Structures are given as structure tokens and as C-alpha cells.
Amino acid sequence: MTKPSEFLKRLRPAIAPVSGTERCRAAFGALLGILLTGFVSTFALGASASLPLLIAPMGASAVLLFAAPSSPLAQPWSIVGGNTVAAVIGITCALLIKDPIVAAAIAVSLAIGAMMMLGCLHPPSGAVALTAVLGGPPVHEAGYWFVLTPVGINSFLILAVAIAFNNLTGRRYPHFTPATAANPHKTADPAPTRRVGTIPEDLEAVLAQYDEIVDVSPDVLDDLLHQAQIRAYTRRSGEISCAEVMSRDVANVSPETSLRDAWQLLLQHHIKALPVVTAHDGLVGIVTQTDFMHNAVLNNNGQLRFGFAGKVRLALGGRNGKPRFVADIMTRRVQSAAPETMIAKLVPPMADMGLHHMPVVDRNNRVIGIVTQSDLIAALFQRAATDGPSMGEDRTTDAA
């Protein structure tokens, strides 16, 4: 390959690859966004309006809203705040500065500075400021009315379409910054996976040192990093699956099983959880020692009796306040895994979410096994012992 061709190849941006389905989704979303924005604007303002009913920067906004909805530059405050600020600055410059070229340059410059200061940076807003200056007599005559229509109306309309379309097609939008995951044990310690390796504070420090706009939010970057770490560990660990480590002879109960029988099963097998299954639906819940503790207190004889809170919950559920069956106390929202799931993917929920047991189900939601924290630790330890020291690792010990 010649040097010029190599140079031209390097000019191509390294955009993360996406599937054909995602490309079609983004293109169709932009079609709907521009089409509905134009039609509704025409209906609201009338086809005879002197101002443009659909301004050109909306095309650039559509690229961000539908093709990169997780981008910080595509969030609601970015488009609404950015376009509004840019329109106000553009109109002001057009009214105060006679030379249109100078006015355009100052408007775009001030708009960028204001958007960065207000945290609503939106690249198409630079074109909004430019349109406000160079839009011609109709825009200049409208003055600050241009901020409301068409800029404001166009921005809110395409934003409404983006919110509906992205969520209906499986893309979370707006991309709210997730709340910090609380320690399930209600202590001040960070989650186990946040105690070693890269933590959010590391990313924040590196981004601050980088001192340049990065078109990805820190929480998305953190999530991608953790997913990459899980993938790398899966590759190094030989891709151990749940089917290889799970217990297959699983004691289970039905929702109609009495609490006495369920408790006897826990004691008999020296276990702490029982999957709850039905013949028709398969896995419908799980009952653990913690569920018994949450719904009961000890009486004077050291026996379990159910407290006031548990009775209230039962009464609200249409029962008589005297829990007798597993259905009365079981956890109904239970996380499960498939037999082919790699055990590396179980580390975050088991470490950070406080899950001690992970039922393994087949395609029909039938319980075929269960993975416990003990199974997970044993598998990871066995793999580490089998692999031994990695190449390049010092195999010698320090001299005494």
C-alpha cells in the first residue's frame, strides 16, 4: 500500500461499528423526526408564514438524536438549551453588528462559549446562530420571535419524536446519569467491584486531565470499560459457563408449599434459598432465609412469628394476615441466567447487588440448576490454580 493511500485511510474516523439494523433504525428515525416536525410546524404556523417552517440545523440535530442518542451532545437540555441560547445570541448580533460576516463569526463564537458554560453544547446550534444572522429579511424582521418560532417549536417537536422513537426501538433516551449504586448491605463501603481496578473517580480524573470535549458520557465510558474487562476475563478464564459449575439437583418448592415445609427443606439441605416453580410457568420466584427474616421476628420461645409489617402486606394482597405458604413471602422478581452464560457475567450482580444465588433456566424458563457464590468462587479459584502464573510473571520467591 502506498504512503498516500495509507495517509488517506488514517483520515477516516474510527467510529465504532454498528449493525445494519442499527443503521436502518437511525435513518428511519431521522425520516420520522424531520417529517413530523415539518408537518406539525406547518399545521401550527400555517403554510403562508413568512418565517421558514423547518430550519436547516434540524437536519444536524436529527443525526445526533437518532444516530447517537446516548451522546451528551444529543440530550434534551443540549438541543433545547443550545438552540435557544444560540438563537438569542444570533439575533442580538444581527441587530447590533452591521457587517453580516463579522456578526456571524461573533455569533457562532459567543454561542459556543455560552453553551459550554451552561452545559448545553449542541453542534447544530452553531448553525442556528449562523441562520439567525444570515437568514435574510424574514428572520431579521421577526427579531426575537425567531427564538420561539421556528427554533423553539422545531426543537421541541423533533425532541418529542426522538424520545418516543428511541424508547420504542430499544434505545434509552434521554440518557439520564445513573444514580450511584448503593451497597446492598447498607454500609458506607463501595460496591465490591468498585474497590479494585478502574473506578469512576479514575475516569473523571483522566477526563479532566485530557481537557477536551469527549462525545461520550463518563457513565457510558465506565460501563463500556467494565464490559470490556468482563469480556477480557471471560477470554482468559477459558469461557467457563454456568452449565459447568451449577448444581443440577436443585431443591425447589411451589407457591403453595407451606412455610413449615420450605423451612424444613432449607435446614435439611443446609442451603439458604429455594427456587419457586410452577408446572406451567417454570421459575416464578425464590424464597430465601432473608425472606423469612424480613417477614418474621422471634417470639419468646425462639420460634418464628410474623410481624405487623408482614401482616399488613398480606392484608393488602387480599390474604387474612396469617402467612402460611411460600407465595406469602417469596421474592417474585428473581434474576436468572442461561446455562451458556459465562460465569464472569455473574460477578457484578453477585458482588454488587447482593445476590447469593442465581437460578439457571432453559429456554422454557424451567429451572435446570443454580449457581451460588460458593460455586462461583470455587470455579474462579480452580481456573486460577489450573492456569498458574502467567507468562512473564516472576516465578521466584524473595530470598529469606
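The values are calculated or read from the model by the stated rules, or taken from the named source; none is laboratory data. Nothing here was measured: the structure is a model prediction, and the numbers come from that model. Glycine gets a Cβ as well: all are built from the backbone with ideal geometry, and neighbour counts include every protein chain shown.
Hey, can you tell me all the residues within the stretch 61-80 that are in a loop (DSSP other than H, G, I, E, B) and surrounded by fewer than 24 Cβ atoms within 10 Å (Cβ to Cβ)?
ALA68, PRO69, SER70, SER71
Closer than 22 Å to LEU168 by Cβ and among the aliphatic types (A, V, I, L, M): which single residue out of ALA16, ALA44, ALA62, ALA86 fits that description?
Answer to the check: ALA62.
Residues to consider are GLY29, GLY38; find the one that is of a type in the set (Gly, Ala, Ser) and modelled with pLDDT under 95.
Just a single option satisfies the conditions, and that option is GLY38.
Just to be sure before I move on: is GLY152 more than 28 Å from ALA27 (Cα to Cα), of a type outside the set (A, V, I, L, M) and under 31 Å from the mean Cα position of the chain (by Cα) in the structure I sent?
No: the conditions fail for GLY152.
In the stretch 332-351, which residues are crowded, with 20+ Cβ neighbours inside 10 Å and free of Cβ contacts under 8 Å to residues at least 40 places away in the same chain?
MET350
Kindly indicate whether ALA103 is crowded, with 16+ Cβ neighbours inside 10 Å and out of contact with any Leu (no Cβ under 9 Å at 6 or more places or on another chain).
no
Of the residues LEU118, LEU96, LEU130, which is among the hydrophobic types (A, V, I, L, M, F, W, C), under 17 Å from ALA142 (Cα atoms), surrounded by fewer than 24 Cβ atoms within 10 Å (Cβ to Cβ) and without any contact (Cβ under 8 Å) to a residue 40 or more places away in the chain?
Going through LEU118, LEU96, LEU130 in turn, the sole match is LEU96.
Any residue in the stretch 275-287 that's farther than 16 Å from ALA337 by Cα: show its pairings with residues that are β-branched (Val, Ile, Thr) at Cβ separation under 6 Å, as long as the two are six or more apart or on different chains.
THR278/VAL284; VAL287/VAL276; VAL287/VAL326
Can you find, within the stretch 220-277, the residue that is surrounded by the fewest Cβ atoms within 10 Å (Cβ to Cβ) among those that are at pLDDT 80 or above and acidic (Asp, Glu)?
ASP249
Among the listed residues LEU45, LEU8, identify the single one that is more than 30 Å from MET117 (Cβ to Cβ), surrounded by 10 or more Cβ atoms within 10 Å (Cβ to Cβ), modelled with pLDDT under 75 and not assigned by TED's automatic domain parsing to the domain that holds TRP145.
LEU8 is the lone residue from the list that is more than 30 Å from MET117 (Cβ to Cβ), surrounded by 10 or more Cβ atoms within 10 Å (Cβ to Cβ), modelled with pLDDT under 75 and not assigned by TED's automatic domain parsing to the domain that holds TRP145.
Any idea which of (1) at pLDDT below 55; (2) assigned by TED's automatic domain parsing to the domain that holds PRO255 is the one MET391 doesn't satisfy?
(2)
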